[in-house]
Every structure is written in structure tokens, then in C-alpha cells.
Amino acid sequence: MKRGWQAAAVALLVTFAFFIFESWQLSLRDTLGPGPGFFPFWLSVLGAVLAVFLLAQLHLNRVDLGTEALVFDRAGVRNAVLVLVGLIVATALLDVVGFRFSMLLLIPYLLLVLGVRNWVTVVICGVAGSFGVYYVFFDLLKVPLPAGIFGF
Amino acid sequence: MEGLQLLLSGFAAALSLQNLLFAFAGCVLGTLIGVLPGLGPAAGTAILIPLTFHLDATGAIIMLAAIYYGAMYGGTITSVLINVPGEAASVVTCLDGYQMALQGRAGTALGIAAIGSFVGGIFAAVALAIVALPLARFALAFGPPEFFSLMFVGLCLVTGLAGQSLAAALLMTILGLLLSLVGIDPVRGAPRFTFGVPELYDGLGFVPVVMGLFGVAEILLIIETPFRRMGDIKIKGLWPSRDEWKRSSGAIGRGTVIGFLLGLIPGVGAVIPTFMAYIIEKRLSKHPERFGNGAIEGVASPETANNAYANGAMVPLLVLGVPSSPTIAILMGAFIINGLTPGPFLFQERPDLVWTVIASFFTGNVILLILNLPLVGVWAKLLKMPYQYLCAGTLLFCIMGAYSLKGTVFDVGVMLVFGVVGYFLRKLNMPLAPAVLALVLGPFMEKSLRTSLEMSAGDFSIFLTRPISATLMVFAALIIAVSAFQIAALKSIRTAESK
């Protein structure tokens with residue numbers, strides 16, 4: 001757990017350093033008072049100081065992280081990564097092939113990755129989750145969903 | 001008297017068929033979300049916001065509020081039947097609720113939870129209706145410095161109560177505030193942190209960020225560690241016996257008061273009232289040894305406190321515009337999406353909406369009682385749903401919700417990025433509540449701060465020379481000092497115990 005917290009503190013430190021740099025480019029103060037960079041600049045400075053303080057506390061074991069260890073279940077993480085990859089691909093395809101076809105690919109893929117092996121169920125869920133959902137939300141409820149470059 | 005008149009007109013609108021339907025739909029969806037393990041009220045409310053896009057503002061808020069308190073009750077069902085809390089506030093219900101289920105008293109446990117939730121919710125709604133108008137009138141005297149100090153107190157409370165490290169909680173708050181500043185500067189109109197990406201000129205969408213942090217992250221965690229499914233527990237006899245009534249009535253009364261009062265304090269969260277109600281009941285009991293072995297008071301008091309808290313937490317949101325928990329922050333986001341800013345001015349600008357929403361808390365609680373007593377068996381059947389379908393369905397809803405907000409794939413990408421961020425933060429037990437609250441309060445805080453400094457020609461003492469603002473600032477400093485002391489004390493106790 002300690003390593004994870006240290007990594008998070010470093011990531012936050014880098015983020016705040018970036019925000020300090022970016023807000024410095026904006027005006028901190030002008031004739032009317034505080035400028036657009038004022039609030040983010042001082043927030044980032046405070047954040048960077050706190051991130052360093054947290055790192056020091058972690059180094060000196062001053063943070064009570066409990067006894068729980070940071071555990072990543074290998075098979076579980078593999079599934080989560082596969083799901084994430086599927087989501088990224090489906091998102092990239094949304095505007096190209098439209099909601100119906102991207103979901104028609106995504107839903108069966110998700111079910112198969114998560115261990116569903118009944119093909120009839122997979123197909124039914126795929127059609128219901130793509131064409132069915134599109135009909136209910138786009139056609140009936142008028143929720144904007146992408147049709148894709150082919151228009152269907 | 002004026003408050004009563006306004007409430008009656010609110011009832012007239014809340015009892016319209018359309019608004020009753022919205023409250024009913026919200027209660028059903030909320031209970032469904034609460035029943036499904038893993039998906040808490042925050043994730044559920046965030047995921048379901050897009051469903052309300054095409055409703056009028058009143059209908060949307062009524063439905064989302066109903067989703068919120070529906071989810072708070074729904075979590076009880078899983079706690080009692082499979083010993084897995086549907087959301088954090090139901091953790092304590094597992095202790096006695098599951099034991100009651102093992103003894104064949106699952107129906108009674110769910111029955112008393114529904115009745116307690118109803119009593120707690122109705123009492124809190126009455127109290128809200130009484131205090132709302134005077135408090136809102138008082139808050140009308142607030143100028144930008146007072147609002148900044150008030151929001152600062154809210155963030156300090158949430159930060160101070162957020163977990164094992166005050167520094168980590170403050171870091172999360174600052175991160176949330178910084179993310180809220182992406183987009184066009186509200187005072188000067190200059191683009192900030194947009195990198196020439198047109199989609200960022202409107203800022204990071206609150207809904208995609210919250211859907212990612214709560215919805216997608218939650219699903220990734222469920223996929224990594226799937227939850228248990230329900231065994232064959234029979235549900236019969238929802239109505240408690242005379243002896244059980246006798247033991248529960250006091251617990252329900254105390255749970256109501258504890259839940260409502262703690263709901264008024266930003267940052268307390270729903271977990272503390274439920275634990276406090278449980279501990280007090282155990283302390284007051286002549287037979288504390290029954291607790292943990294199926295004591296009905298152990299279900300009645302936390303469940304009542306839970307719902308009284310949910311309704312009580314609406315007071316700081318509606319009256320002061322300060323959300324007290326991530327779910328309430330999401331509700332505030334829904335107000336903003338609908339072009340409304342919660343706070344005292346809303347009572348002047350849209351009294352029709354405010355009082356209809358307040359009246360809907362009464363109708364919603366009645367609907368929940370009707371929905372939960374006879375239909376508890378139906379909800380229990382949902383627990384048999386394999387997690388694979390839950391995950392696929394939720395992710396489908398997340399993609400649809402994030403896209404439909406502005407009709408852009410960019411928001412879906414934002415949601416996925418924050419899903420991964422949320423997954424790691426949750427694995428590390430980093431506090432997410434301060435980040436979400438800061439995300440919603442950030443733009444208001446910055447505007448108040450900069451307007452205050454323009455009023456004082458850049459002099460920060462404006463926050464300490466105005467009485468209300470100064471009092472709030474002193475209070476904020478006290479909160480941080482007390483929190484730091486508590487965390488240090490807790491650590492030294494644990495260190496001593498481990499030695």
C-alpha cells in the first residue's frame with residue numbers, strides 16, 4: 001500500500017507542477033484584481049507543497065495506511081484490462097459505425113470476456129443492448145446517440 | 001405560515017400525475033441500483049442523470065432525488081439477504097440483518113427497515129420544510145466573501161472527515177478544484193488549460209467525470225473481484241411482532257434524530273450516522289449481547305438514521321448550496337445542468353421548484369414504503385442476476401449517458417480516463433469525496449473569491465473583517481486543527497495497540 005501511495009503522491013506532484021507552469025503563463029493579477037491564473041496558481045503551489053509533505057510523511061511512516069495490502073488479482077486484472085480495451089475500441093468506433101453497431105460488438109465481447117459461454121444469451125443481449133437500447137432511447141426518448149457515417 | 005402555504009402549493013404540484021410518475025420511476029430505479037451490490041447511490045445517480053435530460057427541471061430533480069433515497073433503502077436488501085452492503089451506509093445493517101435472515105427472520109428485518117426508513121424520511125422532510133425558509137432568508141444576507149467562507153467550511157468538513165491522511169484528503173480537494181477550473185475563465189473569459197481542444201472550452205463535464213470515478217471504476221473493481229450471489233433465503237412475515245415493535249420504536253425515534261442532525265453537517269456522510277445510531281442503541285440496551293446476533297434494534301436504528309440523513313442532507317444543499325456528500329454533489333450537478341444554482345436565491349427565483357421538490361420528499365417516501373413492503377421478494381430475485389450482465393449493462397448505460405450529455409465522443413473518453421483514475425484511487429483507499437465536492441464547488445468558489453478580492457482591492461482581510469465570514473473562517477480552521485489532531489491520536493492508538 002505504501003508504494004501505491006508514494007506513486008500517487010508523485011503523480012499528483014507532477015500534475016501540480018504542470019498546473020503551476022500553465023497558470024504562470026496566464027495573468028495572475030491585472031488592473032481589475034486577480035487574473036485567470038491567480039486561483040489555479042496558488043492552488044497548485046499549495047498542492048505541490050502538500051504532495052511533498054505527504055511523501056515525507058510516507059517516508060517516515062507517519063501515515064496510518066492500515067494493515068490492508070494493495071492486492072491485484074491477476075486473472076481479475078486481466079479481465080478488467082480486456083474490458084477497458086473493449087470500451088476504448090467501442091468508443092473509437094462510436095462516431096464511425098454508430099451506436100448500434102459499436103454496441104453490437106461491445107456487449108457480446110464484454111459478456112465473453114467475463115465468462116458467459118451461452119451463445120444464445122450472448123446474441124440476445126447483444127441485439128437488445130444495441131438495437132433495442134437505440135430504439136428505446138433514440139427513437140422513443142429522443143436521447144441523442146450517434147448514427148455513424150453510414151447513417152444507420 | 002408562509003412556509004406552510006408554499007409547501008401546500010408544492011404538494012399540489014408534487015401530486016400531479018407527471019411528478020408522481022417521476023418520483024415513482026426514481027424510487028424504482030434507485031432501489032434497483034441499491035439492490036445491485038457494488039453500485040452505490042453516487043454511481044447510480046451519476047449513471048442515471050442522462051435519463052432526466054429531456055425532463056423539465058422540476059421533474060428531473062424529483063426523479064434524481066428519488067433515485068438517491070431509493071438507493072439508500074435498496075442497499076439494505078443485500079445487507080440482510082447476502083451480507084453484502086449495497087452501499088457503504090448499509091454496512092452496519094449486515095451485523096444484525098444477516099443474522100436475522102439466517103434465523104428465518106429476513107422478512108421482519110426488511111419490514112422494520114422499510115418502516116424505519118419511512119419514519120426517518122418523513123420526519124426529516126418535515127424538519128426540512130420547517131427550517132428551509134428561515135435559513136434561506138438568513139443566507140440572503142450573504143455576499144461573495146460569506147459564500148466563499150461557507151464553501152470553504154464545507155470543503156474543510158468533507159476533507160477533515162475523509163480518511164486516514166489529512167494531507168491526502170487536501171490533495172484530493174485541490175485536484176478537484178483544479179479540474180473544475182478547466183475551460184473558460186468565468187470572470188475574464190480567458191481559456192484555461194484547454195490546449196486548443198474546443199471540447200474543453202466548456203470545462204470537463206461533471207457527469208462524465210463522476211460516471212468515470214464512480215460508475216466505470218466500480219465496475220472495474222467488481223470485474224476484478226466478483227461478488228457473491230444469494231443463496232436460498234426465504235422471505236416471509238414482513239410485519240414485526242408486538243415484542244419486536246416495542247424494542248424497535250425507541251430505536252426508530254433515536255435513529256431519526258441522529259440521522260437528521262448529522263445530515264445537516266457537510267462531510268459527515270451516511271456511514272457515521274448509521275454507526276452512531278447502532279452504537280447508541282447497543283449502549284442503551286439492557287441486553288447488548290444480543291447485538292450482532294439478530295437484534296431487531298440493530299436493523300431499525302441504522303436504517304432509520306440512514307434515510308433521515310439522506311433527507312436531512314438536502315438542507316445544506318437547498319438552503320446554502322453546499323453539498324454534504326458525493327451523491328448530494330452529483331444532485332447539485334444535476335441542478336446546474338438544468339440551469340439552476342441551489343442556495344438561498346433559488347428560494348426567491350424558483351420557489352415553485354424548491355417547494356415542489358421538498359413536497360416530493362414526502363410523496364417519495366410514501367412510494368418507497370409501498371414499493372418496498374409488498375415487493376421485497378421481487379427485489380430479492382434481482383440478487384440472483386449474474387454479475388456479468390450487471391457489468392455489461394452498467395457500462396452500456398455509462399457510454400450512452402456520457403455521450404448524450406453533449407453528443408460528443410470526447411466525453412466518453414473523459415469518462416474512461418477518470419474510470420481508470422478512480423479505479424486506482426479506490427484501490428489505494430484515497431478519499432474521492434473531497435475531489436467530487438471540490439469539482440462541483442470550484443467554479444463558485446473561484447468566482448466568490450475573485451469578486452471578494454475585487455471588492456476589497458486585493459485585500460484578503462475582507463474574509464476576516466466581516467462578522468459572518470470571520471466566524472466561518474475560524475470554524476474552518478478549527479475543523480482542520482481538530483481533524484489533524486484526531487488522525488494523529490488515532491495513529492498513536494493503533495501504534496500502541498500493535499506494540
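The values are calculated or read from the model by the stated rules, or taken from the named source; none is laboratory data. Not measured: the values here are computed from a predicted model. No Cβ is skipped: glycine too gets one built from the backbone with ideal geometry, and neighbour counts run over all protein chains shown.
The table for this structure:
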read-out: Hey, B:I279 part of a helix (DSSP H, G or I) and surrounded by fewer than 19 Cβ atoms within 10 Å (Cβ to Cβ) or not; value: yes
read-out: Those helices (runs of 4 or more DSSP H) lying entirely in the range B:293-350 with at least 2 residues β-branched (V, I, T) and modelled with pLDDT of 85 or more; value: B:297-312, B:326-337
read-out: The range B:332-372, residues that are under 30 Å from B:I77 (Cβ atoms) and free of Cβ contacts under 8 Å to residues at least 12 places away in the same chain; value: B:I370
read-out: Unmet criterion (only one of (1) in contact with a Leu (Cβ under 8 Å, 6 or more places away or on another chain); (2) within 10 Å of another protein chain (Cβ to nearest Cβ); (3) modelled with pLDDT under 85; (4) surrounded by fewer than 19 Cβ atoms within 10 Å (Cβ to Cβ)) for B:K427; value: (3)
read-out: Pairs with Cβ under 8 Å, 6+ apart, first in the range A:124-152 and outside the structural domain of A:L104 (by TED's automatic domain parsing), second modelled with pLDDT of 90 or more and surrounded by fewer than 15 Cβ atoms within 10 Å (Cβ to Cβ); value: A:G148/A:V96; A:I149/A:V96
read-out: The one condition in (1) buried (at least 23 other Cβ atoms within 10 Å of the Cβ); (2) of a type outside the set (F, W, Y); (3) within 25 Å of the chain's Cα centre (by Cα) that B:S452 fails to fulfil; value: (3)
read-out: Residues satisfying the stated conditions in the range B:127-155, i.e. at pLDDT 85 or above and either within 14 Å of another protein chain (Cβ to nearest Cβ) or outside any helix (DSSP H, G or I) (or both); value: B:F142, B:G143, B:P144, B:P145, B:F148, B:M151, B:F152
read-out: Enumeration of residues in the range B:112-133 that are surrounded by fewer than 19 Cβ atoms within 10 Å (Cβ to Cβ) and either out of contact with any Gly (no Cβ under 8 Å at 6 or more places or on another chain) or charged (D, E, K, R) (or both); value: B:V126, B:V131
read-out: Identity of the residue in the range B:366-390, among the aromatic types (F, W, Y) and within 14 Å of another protein chain (Cβ to nearest Cβ), that ends up nearest to B:I223 (Cα to Cα); value: B:Y387
read-out: Within the range B:179-220, considering residues that are within 8 Å of chain A (Cβ to nearest Cβ), not β-branched (V, I, T) and not in a loop (DSSP other than H, G, I, E, B), the one surrounded by the fewest Cβ atoms within 10 Å (Cβ to Cβ); value: B:R192
read-out: Residue satisfying condition, being closer than 30 Å to A:L28 by Cβ, at pLDDT below 95 and at the interface with chain B (Cβ under 8 Å from one of its Cβ atoms), within set A:L54, A:L70; value: A:L54
read-out: Residue list for the range B:415-457, restricted to those being among the polar types (S, T, N, Q) and not in a helix (DSSP H, G or I); value: B:N429, B:S456
read-out: The one condition in (1) within 17 Å of B:L170 (Cβ to Cβ); (2) in contact (Cβ under 8 Å) with a residue 40 or more places away in the chain; (3) at the interface with chain B (Cβ under 7 Å from one of its Cβ atoms) that A:G4 fails to fulfil; value: (1)
read-out: Options A:F101, A:F137: the member that is on the phi < 0 side of the Ramachandran plot, part of a helix (DSSP H, G or I) and within 7 Å of chain B (Cβ to nearest Cβ); value: A:F137
read-out: Qualifying residue in the range B:437-444 (condition: more than 8 Å from every other protein chain (Cβ to nearest Cβ), modelled with pLDDT of 90 or more, within 25 Å of B:I328 (Cα to Cα) and within 25 Å of the chain's Cα centre (by Cα)); value: no
read-out: Cβ pairs under 6 Å, 6+ apart, first in the range B:186-208 and closer than 21 Å to B:G407 by Cβ, second of a type in the set (G, A, S) and assigned to a helix (DSSP H, G or I); value: B:F206/B:G333; B:P208/B:A402
read-out: Which listed residue, of A:G37, A:G47, A:G33, is more than 7 Å from chain B (Cβ to nearest Cβ) and buried (at least 17 other Cβ atoms within 10 Å of the Cβ); value: A:G37
read-out: Condition check for A:G76: at the interface with another protein chain (Cβ under 9 Å from one of its Cβ atoms), out of contact with any His (no Cβ under 8 Å at 6 or more places or on another chain) and either over 30 Å from B:S492 (Cβ atoms) or part of a helix (DSSP H, G or I) (or both); value: yes
read-out: Pairs where the first residue, in the range B:373-393, is modelled with pLDDT of 80 or more and the second is in a helix (DSSP H, G or I) and surrounded by fewer than 19 Cβ atoms within 10 Å (Cβ to Cβ), C-beta under 6 Å, 6+ apart; value: none
read-out: Any hit, the range B:391-411, residues being assigned to a helix (DSSP H, G or I), among the β-branched types (V, I, T) and at the interface with chain A (Cβ under 9 Å from one of its Cβ atoms); value: yes
